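So the structure is just underneath, and the comments pick up after that.
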Amino acid sequence: MPSCLFSCQDMVCLELYSCLLSPPSTFRGFRNLKYITIFYVTLSEAVVENLISCSPLLKR
């Protein structure tokens with residue numbers, strides 16, 4: 001996963017398929033993300049918790 005993805009603060013929709021999600025320690029979520037779809041993605045529970053808690057507009 002390219003690290004530039006984690007600096008896209010205006011992203012509203014994100015679809016991930018068959019990848020490893022490992023954000024940098026400076027990642028603070030996507031402030032405008034409303035929708036995320038994840039299939040066959042390797043990620044830790046801490047990453048999931050951080051992604052959800054730091055993306056306040058997330059609907060699903």
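Overview of values
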{"quantity": "Number of the exception - L43 against (1) at pLDDT 90 or above; (2) in contact with a Ser or Thr (Cβ under 6 Å, 6 or more places away or on another chain); (3) surrounded by 12 or more Cβ atoms within 10 Å (Cβ to Cβ)", "calculated": "(2)"}
{"quantity": "Every residue from the stretch 1-56 that is assigned to a loop (DSSP other than H, G, I, E, B) and of a type in the set (A, V, I, L, M, F, W, C)", "calculated": "M1, C8, M11, V12, L21, F27, F30, L33, L43, C54"}
{"quantity": "Residue list for the stretch 9-40, restricted to those being surrounded by fewer than 15 Cβ atoms within 10 Å (Cβ to Cβ) and of a type in the set (G, A, S)", "calculated": "S18, S22, S25"}
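The values are calculated or read from the model by the stated rules, or taken from the named source; none is laboratory data. Bear in mind that the values here come from a model prediction, so they are computed numbers and not experimental data. Methodologically, a virtual Cβ is constructed for each residue, glycine included, from the backbone with ideal geometry; neighbour enumeration extends over all protein chains shown.
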